[in-house]
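Colleague: Handing you a structure now.
The values are calculated or read from the model by the stated rules, or taken from the named source; none is laboratory data. None of the values given here were measured: they were computed from a predicted structure. Note: ideal-geometry Cβ built from the backbone for every residue, glycine included; neighbour counts use all protein chains shown. Side chains are part of the model used for accessible areas, which takes the heavy atoms of the whole protein and leaves out ligands, DNA and RNA. Shrake-Rupley method; radii C 1.70, N 1.55, O 1.52, S 1.80 Å.
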Protein chains: 2
Amino acid sequence: MLAGLPPEAGLYASIVPILLYAVFGTSRALAVGPVAVISLMTATTLGGIAAQGTAGYAVAALTLAFLSGAILLAMGIFRLGFLANFLSHPVIAGFITASGLIIAASQVKHILGIKASGETLYHLVLSIWEHLGETNWITVVIGVTATGFLFWVRKGMKPMLRRYGAGATLADIATKAGPVAAVAVTTLVVWALGLGDRGVRIVGDVPQSLPPLTLPDLSLDLVSALMVPALLISLIGFVESISVAQTLAAKKRQRIDPDQELIGLGTANLGAAFTGGFPVTGGFSRSVVNFDAGAETPAAGAFTAVGLAIAALALTPLIYFLPQATLAATIIVAVLSLVDFSILKRSWMYSKADFFAVLATILLTLGFGVEVGVTAGVILSVFLHLYKTTKPHIAEVGLVPGTQHFRNIRRHSVETLPHVLTLRIDESLYFANARFLEDHIYDRVATDKQLRHVVLMCSAVNEIDLSALESLEAVNERLKSFGIKLHLSEVKGPVMDRLQRQHFLSDLTGRVFLSQYDAFRTLRDEPPQP
Amino acid sequence: MLAGLPPEAGLYASIVPILLYAVFGTSRALAVGPVAVISLMTATTLGGIAAQGTAGYAVAALTLAFLSGAILLAMGIFRLGFLANFLSHPVIAGFITASGLIIAASQVKHILGIKASGETLYHLVLSIWEHLGETNWITVVIGVTATGFLFWVRKGMKPMLRRYGAGATLADIATKAGPVAAVAVTTLVVWALGLGDRGVRIVGDVPQSLPPLTLPDLSLDLVSALMVPALLISLIGFVESISVAQTLAAKKRQRIDPDQELIGLGTANLGAAFTGGFPVTGGFSRSVVNFDAGAETPAAGAFTAVGLAIAALALTPLIYFLPQATLAATIIVAVLSLVDFSILKRSWMYSKADFFAVLATILLTLGFGVEVGVTAGVILSVFLHLYKTTKPHIAEVGLVPGTQHFRNIRRHSVETLPHVLTLRIDESLYFANARFLEDHIYDRVATDKQLRHVVLMCSAVNEIDLSALESLEAVNERLKSFGIKLHLSEVKGPVMDRLQRQHFLSDLTGRVFLSQYDAFRTLRDEPPQP
């Protein structure tokens, strides 16, 4: 219902996708189905396309699942799983916190018993404010009581039970049974007092059937409107799923293949598209249940699917009188536990770049929606990473006495030679910092008339691209005209292989030393030049 | 005229900008004015906005100069000079080669004496083909003769003069006088034979005046149409200018400040916008002349401006009969010397990533124009750079016997310890490769039951961002559960400073060693664990 779809869609979105993932995926414990974040993204995407409850809305949801499945499948086939790595931890944390707030805000209307809608926090709050006069007070009592109860179950009940002597296992079970109790009690109350006739919205009829065969709508208009959201849903769904799968696999020293996972999730979403569902991915809590129960083979998924099919056929009448306010309370309590602003403090202390990425993601997601927030977060983190590499740290190093180890002269007390300048470049050399290195060397050399040798210690240089090679050639020529030799030391294998394909090494005025200590010893013993 | 503007605009674009750059710029030799590449970009941009020769075209040129000036000035004030570093050498080389071809093709119409236009090579060739019937044969004779003569002056004359005993200086002067001779002879021929009346297009009247006061048109429509081209013209103009300025400054061990250069070029362009000009930047050949003549102070610029003002007032009647075909021949010969496909071969041999960046830049510039080509080149080179860092080289290292130096066990014959795994990570650790490292370590550890210690040698790790830190925490926890200790060695100062702000170092199961040799010695002597 978070996705704006009837409850049976959630059941349908679980049955066939689980089976398909069991065939094509690599994780033994992962459970595929609707998850909160993806459902919310579905709701915000479809909100702009069609009205909730209409046939167009349901078809758009199928189409979104189809596109998402096709994108994931294509990414898997073209081995593009690495793209998900560009969603950094801070961006994901910021995105989850912000969407948790939006999801919670979107449920407030059910607690108040009013109609309201909006894609961003601002529009949601505004819309709730406008409809505030329509509040149904019986619904509020049910919703607020349920919310308060569920918060207390999470925070207060377990310590209390322990205090009264209950065992840890019993306390755990009681905590997990809290939401079930809330659902059962409020359903009974609504049924017994006939509150459904007094304006309390209830779930109502859920069709008793197996997943229907459905077709997505592939008209150009709809596809082009859904393409970008589908891409984002795919990427975020994939990141969430693979994080869960890897966490669980690692506990048993099993392996997950990201590209095969893409294929598994892709087919699962295609399955959802043709059986009345909406976009799905691997969820954390449901997978942990699988894992705890000892799921060791894909058959676990098949059994889950059978169980859900039985539920779809037999158990749906039981929730007819379930008030929507109780569902909203369950969702609010669950998602608020995901909201975690401590990432702001942690990233502020550790690295300003990470801090700005997470702050931008949170603010833009709240203000302009998930797509804008996540896209801006990714672009900002890539840009800040690149920016840092444009002005690399270049340390002047000397020999730590009694060792063969070289460290920064500003941090350690080290030996240096007056006619030798040794620079350790703390970055790969590529186009964005090639000119910076040139400038740095010229500046340093211009002030020191004793110099006869410049050694570039390349232990941290993982790549030298063509732009940087041309800069090094220029540095070599320039230093030559000043009577200074340029040497390299500790050049790594892969970098050296590449340099040997060009004439730079034969033009080099100095030598390439295997280790910096070799360079130090050789140049120390060399007679000073005229 | 390359910019599609009357010749006097070129004069106007030189006078005031030179003076302004002399006040605000930092290079003593740089000469600011119209340059081929920027003029061509101006022509291709304005071609889509207004017809050549109309008042709207000239005003659009002023507006383009104004926007470009404002962008450069803003970049200078906000110290964004580093952005130019993202134009890599291969992208610039590809862009120059492709635009050289487009410029040459755009001049062919003047050689044939026909009208033709087009922004891309394909459209140009098509347009020339359509108008081929209108060819003026007298123009062709002048154009082809002038082109042939100028090519011969460049390639054949100097060796010939030397063979007949002329001195090197004399041969040089004769080579440089070639274009002047071509201009003088063809002008005289056209005047003497009255060819202007027989369909040969001539330069005609050039107003004898100082730069007029003009106003750019800042209407929203025009500004929004010109914004992206103005940004690209600014960036490319800046890169060209700063390359020239730094090359010349370095020869005299002078310094260039990129951000101040932006301010100098910004004010120069604003000056061009208000005095009948168009976008300008520092040009190579004109600056070299300045430098050779010994320009040591900004006064050199002021003298040039005075000289150009005199030319604008007195000398313009002399070029009335100059045939446009001769101008076209001069341009073609000059730009074809910039076309250099050897960058393709060089980059292919050195690095495939550079090769694809240059190839994409050339093909897309030829096919879709300069903006598309350069933008694609920059995005592709950034993406390929990032892609390389997502799967970093991780080497297993051992001690080179008789030294304290550690190298890859696959490339060198080294000593290792059976219960210690030492991995040298050849990349900064950040969000895009954090998961890769985790996977790599788990894979490696899973196959080796003897292991008791994993040492990460961080000599090439220039940054550990928050995502990577969280991965390292996960690795630490995981290895702990296997009874393996995680150690770090050779962590750099700036990285260590940052790690100390978090609890990772106190949670670490192992130690942080100053040098890898320390780690090796300590772990070798440690008693094997149960």
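Colleague: Considering (1) surrounded by fewer than 18 Cβ atoms within 10 Å (Cβ to Cβ); (2) within 22 Å of the chain's Cα centre (by Cα); (3) not aromatic (Phe, Trp, Tyr), say which one residue A:264 fails and leave the rest.
Modeller: Unmet for residue A:264, out of (1) surrounded by fewer than 18 Cβ atoms within 10 Å (Cβ to Cβ); (2) within 22 Å of the chain's Cα centre (by Cα); (3) not aromatic (Phe, Trp, Tyr): (1).
Colleague: Out of the residues in region B:280-336 that are polar (S, T, N, Q), part of a helix (DSSP H, G or I) and at pLDDT 80 or above, which is least open to solvent (accessible area, probe 1.4 Å)?
Modeller: In the first step, residues of region B:280-336 are kept if they are polar (S, T, N, Q); the result is B:281, B:285, B:287, B:290, B:297, B:304, B:316, B:324, B:326, B:330.
Now drop any that are not part of a helix (DSSP H, G or I), which leaves B:285, B:287, B:290, B:304, B:316, B:324, B:326, B:330.
From what's left, at pLDDT 80 or above: B:324, B:326, B:330.
Details: B:324: 33, B:326: 0, B:330: 46 Å².
Among them, the one singled out is B:326.
Colleague: Report yes if residue B:180 is out of contact with any Ser or Thr (no Cβ under 7 Å at 6 or more places or on another chain) and open to solvent by 20 Å² or more (accessible area, probe 1.4 Å), otherwise no. Lay out the reasoning, then the answer.
Modeller: Details: out of contact with any Ser or Thr (no Cβ under 7 Å at 6 or more places or on another chain): yes; open to solvent by 20 Å² or more (accessible area, probe 1.4 Å): yes.
Yes: the conditions hold for residue B:180.
Colleague: Output the number of the condition that residue A:163 fails; it satisfies all remaining conditions of (1) of a type in the set (Lys, Arg); (2) open to solvent by 100 Å² or more (accessible area, probe 1.4 Å); (3) within 24 Å of residue A:332 (Cβ to Cβ).
Modeller: Tallying (1) of a type in the set (Lys, Arg); (2) open to solvent by 100 Å² or more (accessible area, probe 1.4 Å); (3) within 24 Å of residue A:332 (Cβ to Cβ), residue A:163 fails exactly one: (3).
Colleague: Now a separate question. Can you tell me which residue in region A:36-88 is nearest to residue A:327 (Cα to Cα), limited to those that are away from chain B (no Cβ under 14 Å) and among the hydroxyl-bearing types (Ser, Thr, Tyr)? Write out each step before concluding.
Modeller: Initial filter on region A:36-88 (away from chain B (no Cβ under 14 Å)): A:36-77.
Right, trim to among the hydroxyl-bearing types (Ser, Thr, Tyr) and you get A:39, A:42, A:44-45, A:54, A:57, A:63, A:68.
Details: A:39: 15, A:42: 18, A:44: 19, A:45: 22, A:54: 21, A:57: 21, A:63: 26, A:68: 27 Å.
Within region A:36-88, the match that is nearest to residue A:327 (Cα to Cα) is A:39.
Colleague: Taking region A:105-146 only, how many residues are at pLDDT 85 or above and of a type in the set (Ser, Thr, Tyr)?
Modeller: Number satisfying all stated conditions: 4.
Colleague: Any residue in region A:93-104 that is farther than 19 Å from residue A:40 by Cα, part of a helix (DSSP H, G or I) and either at pLDDT 85 or above or open to solvent by 30 Å² or more (accessible area, probe 1.4 Å) (or both)? Quick ask: steps written out before the conclusion?
Modeller: Kept after step one, since they are farther than 19 Å from residue A:40 by Cα, are these residues of region A:93-104: none.
No, region A:93-104 contains no residue that is farther than 19 Å from residue A:40 by Cα, part of a helix (DSSP H, G or I) and either at pLDDT 85 or above or open to solvent by 30 Å² or more (accessible area, probe 1.4 Å) (or both).
Colleague: Which one of these is open to solvent by less than 20 Å² (accessible area, probe 1.4 Å), touching a residue at least 24 places away in the same chain (Cβ under 8 Å) and assigned to a loop (DSSP other than H, G, I, E, B): B:244, B:200, B:239?
Modeller: Numbers: B:244 fails: assigned to a loop (DSSP other than H, G, I, E, B); B:239 fails: assigned to a loop (DSSP other than H, G, I, E, B).
Within the list B:244, B:200, B:239, the selection yields B:200.
Colleague: In this structure, does residue A:501 turn out to be farther than 12 Å from residue A:455 by Cα, open to solvent by 10 Å² or more (accessible area, probe 1.4 Å), in contact (Cβ under 8 Å) with a residue 24 or more places away in the chain and basic (Lys, Arg)?
Modeller: Working: farther than 12 Å from residue A:455 by Cα: yes; open to solvent by 10 Å² or more (accessible area, probe 1.4 Å): yes; in contact (Cβ under 8 Å) with a residue 24 or more places away in the chain: no; basic (Lys, Arg): yes.
It is false that residue A:501 is farther than 12 Å from residue A:455 by Cα, open to solvent by 10 Å² or more (accessible area, probe 1.4 Å), in contact (Cβ under 8 Å) with a residue 24 or more places away in the chain and basic (Lys, Arg).
Colleague: Looking only at region B:513-528, decide whether some residue is away from every other protein chain (no Cβ under 13 Å), in a strand (DSSP E or B) and either open to solvent by 40 Å² or more (accessible area, probe 1.4 Å) or touching a His at 6+ places or on another chain (Cβ under 8 Å) (or both).
Modeller: The first filter runs over region B:513-528 and keeps only residues away from every other protein chain (no Cβ under 13 Å), leaving B:522-528.
With in a strand (DSSP E or B) added as a condition, the list becomes none.
So far as region B:513-528 goes, no, none of its residues is away from every other protein chain (no Cβ under 13 Å), in a strand (DSSP E or B) and either open to solvent by 40 Å² or more (accessible area, probe 1.4 Å) or touching a His at 6+ places or on another chain (Cβ under 8 Å) (or both).
Colleague: Go through (1) under 22 Å from the mean Cα position of the chain (by Cα); (2) at positive phi and name the single condition residue A:96 misses.
Modeller: Single failed check for residue A:96: (2).
Colleague: Among the listed residues A:389, A:361, which satisfies the condition of being crowded, with 17+ Cβ neighbours inside 10 Å, outside any strand (DSSP E or B), more than 7 Å from chain B (Cβ to nearest Cβ) and over 17 Å from the mean Cα position of the chain (by Cα)? Reasoning before the result, please.
Modeller: Working: A:361 fails: over 17 Å from the mean Cα position of the chain (by Cα).
Within the list A:389, A:361, the selection yields A:389.
The rows are residues; the columns are (1) on the phi > 0 side of the Ramachandran plot; (2) touching a helix residue (DSSP H, G or I) at 6+ places or on another chain (Cβ under 6 Å); (3) β-branched (Val, Ile, Thr); (4) assigned to a helix (DSSP H, G or I).
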{"position": "A:115", "(1), (2), (3), (4)": "no, no, no, no"}
{"position": "A:126", "(1), (2), (3), (4)": "no, no, no, yes"}
{"position": "A:133", "(1), (2), (3), (4)": "no, no, no, yes"}
{"position": "A:142", "(1), (2), (3), (4)": "no, yes, yes, yes"}
{"position": "A:153", "(1), (2), (3), (4)": "no, yes, yes, yes"}
{"position": "A:156", "(1), (2), (3), (4)": "no, no, no, yes"}
